[in-house]
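Beneath this line is the structure, given in structure tokens, with notes to follow.
The values are calculated or read from the model by the stated rules, or taken from the named source; none is laboratory data. Predicted, not measured: the structure shown is a model, and the values here were computed from it. With ideal geometry, Cβ positions are generated from the backbone for all residues, glycine too; neighbour counts draw on all protein chains shown.
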Amino acid sequence: MRMTPPRLAFFDLDNTLIDRAEAFRAWAAAFASERRLGDEKAIAWLQEADNDGLSPRAEFFAHVRSRYDLVDPIEDLVAAYRRDYPRCVHPVPRETELALWELRTRGWKLAVVTNGGPSQAAKIAAAGLVDAVDGWAISEVVGARKPAPAIFQAAAAACSCSLDRAWMVGDSVEADIGGARACGLRSVWISRGRGWPEPSYRPDAVAESIASAVEFILTEDDAYSR
């Protein structure tokens, strides 16, 4: 009997599987307190400078160092951040855990595809995702960054799967949905309360949670299989 190959679903990490904004705020509060930078005003400034994680860490800490007259070398500040920030990540919500489990019980393989440095692996562990997924690809580890197809191919290889009929779930318009489009994947955009901004292409669905994204994927897959 010919075996049906496993289906594959990719998930972004930050602000998709985990609440990066919440974790960063916790780090910022601890950093501001340790460095005696002030109260909520300092935390708010750090969040703004962080730009939802899009500011390169060396650039971010160059601004921090200048604003608060810190004497630490930038590389030391970045290294401490890479060590301390993952500890601020909480385990994924129960509904996310159950949604991922639902996919796996139906024979799907799951992979995390994330831009960032090697410390992303520590965040995956802190979120309790090591045993919830089958593999992951981190941009600075595999040498390719979303939306480049190579990072998706690396994640698929980590799961011993192909990209055929795979899905991508993520909150970034360009990196996640644009990356899915470049690879010929179907996609679900985690909107985080935003409206879709890109007129030239769209995701297959818009969702507010992993649970609703997985529900859509399974409904579509069931319809395809009939």
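Residues to consider are GLU34, GLU95; find the one that is assigned by TED's automatic domain parsing to the domain that holds VAL141 and not in a loop (DSSP other than H, G, I, E, B). None of the other options fit; the residue is GLU95.
A single entry from ALA111, ALA137, ALA175, ALA121 fulfils the requirement of being under 13 Å from the mean Cα position of the chain (by Cα), more than 20 Å from LEU218 (Cα to Cα), small (Gly, Ala, Ser) and in a strand (DSSP E or B): ALA137. Considering only residues in the stretch 166-201 that are in contact (Cβ under 8 Å) with a residue 24 or more places away in the chain and among the aromatic types (Phe, Trp, Tyr), the one that is surrounded by the most Cβ atoms within 10 Å (Cβ to Cβ) turns out to be TRP167.
So which residues in the stretch 140-153 are in a helix (DSSP H, G or I) and either surrounded by fewer than 21 Cβ atoms within 10 Å (Cβ to Cβ) or in contact with a Pro (Cβ under 7 Å, 6 or more places away or on another chain) (or both), if there are any at all? Please lay out each step first, then the result.
Step one: filter the stretch 140-153 for residues in a helix (DSSP H, G or I), giving 140-142, 149-153.
Answer for the stretch 140-153, where residues must be in a helix (DSSP H, G or I) and either surrounded by fewer than 21 Cβ atoms within 10 Å (Cβ to Cβ) or in contact with a Pro (Cβ under 7 Å, 6 or more places away or on another chain) (or both): GLU140, VAL141, VAL142, PRO149, ALA150, GLN153.
If you take the residues in the stretch 202-212 that are touching a residue at least 24 places away in the same chain (Cβ under 8 Å) and in a helix (DSSP H, G or I), which one is nearest to THR114 (Cα to Cα)? The qualifying residue nearest to THR114 (Cα to Cα) is ILE210. Within the stretch 1-59, the set of residues being more than 30 Å from GLY107 (Cβ to Cβ) and of a type in the set (Ser, Thr, Tyr) comprises SER33, SER55. Are any residues in the stretch 1-49 touching a Phe, Trp or Tyr at 6+ places or on another chain (Cβ under 6 Å), under 28 Å from ALA150 (Cα atoms) and not aliphatic (A, V, I, L, M), and if so, which ones? Across the stretch 1-49, the qualifying residue is only ARG7.
Is one or more of the residues making up the stretch 117-133 among the hydroxyl-bearing types (Ser, Thr, Tyr), closer than 19 Å to ASP176 by Cβ and buried (at least 16 other Cβ atoms within 10 Å of the Cβ)?
Looking for residues that are among the hydroxyl-bearing types (Ser, Thr, Tyr), closer than 19 Å to ASP176 by Cβ and buried (at least 16 other Cβ atoms within 10 Å of the Cβ), one finds none in the stretch 117-133, hence no.
Can you confirm whether the stretch 105-113 contains a residue that is touching a Lys or Arg at 6+ places or on another chain (Cβ under 6 Å), over 21 Å from PHE61 (Cβ atoms) and surrounded by 20 or more Cβ atoms within 10 Å (Cβ to Cβ)? Yes - at least one qualifying residue is present in the stretch 105-113.
Does at least one position in the stretch 39-60 carry a residue that is under 18 Å from GLU140 (Cβ atoms), among the hydroxyl-bearing types (Ser, Thr, Tyr) and without any contact (Cβ under 8 Å) to a residue 40 or more places away in the chain? The answer is yes, given that some residue of the stretch 39-60 is under 18 Å from GLU140 (Cβ atoms), among the hydroxyl-bearing types (Ser, Thr, Tyr) and without any contact (Cβ under 8 Å) to a residue 40 or more places away in the chain. Summed over the stretch 170-226, residues that are among the basic types (Lys, Arg), out of contact with any strand residue (DSSP E or B) (no Cβ under 6 Å at 6 or more places or on another chain) and closer than 17 Å to ILE151 by Cα total 1. For the condition farther than 21 Å from SER139 by Cβ, assigned to a helix (DSSP H, G or I) and small (Gly, Ala, Ser), ALA80 qualifies. Only one entry of SER191, SER187, SER172, SER139 meets the criterion of being in contact with a Gly (Cβ under 7 Å, 6 or more places away or on another chain) and of a type in the set (Ser, Thr, Tyr), and that entry is SER139.
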